[in-house]
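To start, the structure itself, in structure tokens.
The values are calculated or read from the model by the stated rules, or taken from the named source; none is laboratory data. What you are looking at is a predicted structure, and each value in this text was computed from that prediction instead of being measured. Please note: Cβ atoms are built from the backbone with ideal geometry, for glycine as well, and neighbour counts cover all protein chains shown.
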Amino acid sequence: MNYLLDTHYLLWTIADTKKISKKTKDIITNSENTIIISSISFWVISGLAIEDIPQICTQMGFYIEPLSHTDSITYHHLKPDYHKDPFDKMLIWQALCNNYTLVTNDEKIKQYKALGLKIL
């Protein structure tokens, strides 16, 4: 199964695993699953000046998903506008376009389940 980590889950996975449920930890650590990190998340956390996060993700066996031109140009199709954060909306769009399950605790994102977004 393919799981896209929301930015807060990326940070929790690296630095604060106590915030992650056992079920989610089991999914993230299961080698049969593909754990995906969007390049959008690196943009979001760039202000933290933790420049080795992409390397850490690779060492953890995560796949780094670049922002594709197709996802970028079709992003405007994401309606309705439940969420105002453009970074989260792009993660939602990437998950929808690529049939990923989005791992998040964000209640606003969960409203997009009505569009077919899979959430853990």
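The figures follow:
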{"item": "Scan of segment 1-43 for residues that are within 21 Å of D71 (Cα to Cα) and basic (K, R), ordered by number", "result": "none"}
{"item": "Residue within segment 52-71 that is out of contact with any strand residue (DSSP E or B) (no Cβ under 8 Å at 6 or more places or on another chain), under 22 Å from A114 (Cβ atoms) and assigned to a helix (DSSP H, G or I) present", "result": "yes"}
{"item": "Conditions (1) touching a residue at least 24 places away in the same chain (Cβ under 8 Å); (2) under 16 Å from Y3 (Cβ atoms): number failed by N30", "result": "(1)"}
{"item": "Residue under evaluation D71, criteria (1) closer than 18 Å to I20 by Cβ; (2) more than 12 Å from the chain's Cα centre (by Cα), criterion not met", "result": "(1)"}
{"item": "Residues satisfying the stated conditions in segment 42-96, i.e. among the basic types (K, R) and surrounded by 16 or more Cβ atoms within 10 Å (Cβ to Cβ)", "result": "K89"}
{"item": "Pair list, Cβ under 6 Å, 6 or more apart: segment 44-56 residue under 15 Å from P66 (Cα atoms), other residue at pLDDT 85 or above and assigned to a helix (DSSP H, G or I)", "result": "V44/T7; V44/F87"}
{"item": "Residues of segment 1-20 that turn out to be among the polar types (S, T, N, Q), at pLDDT 90 or above and under 13 Å from T104 (Cα atoms), as a count", "result": "1"}
{"item": "Test result for L102, buried (at least 18 other Cβ atoms within 10 Å of the Cβ), in a strand (DSSP E or B) and among the aliphatic types (A, V, I, L, M)", "result": "yes"}
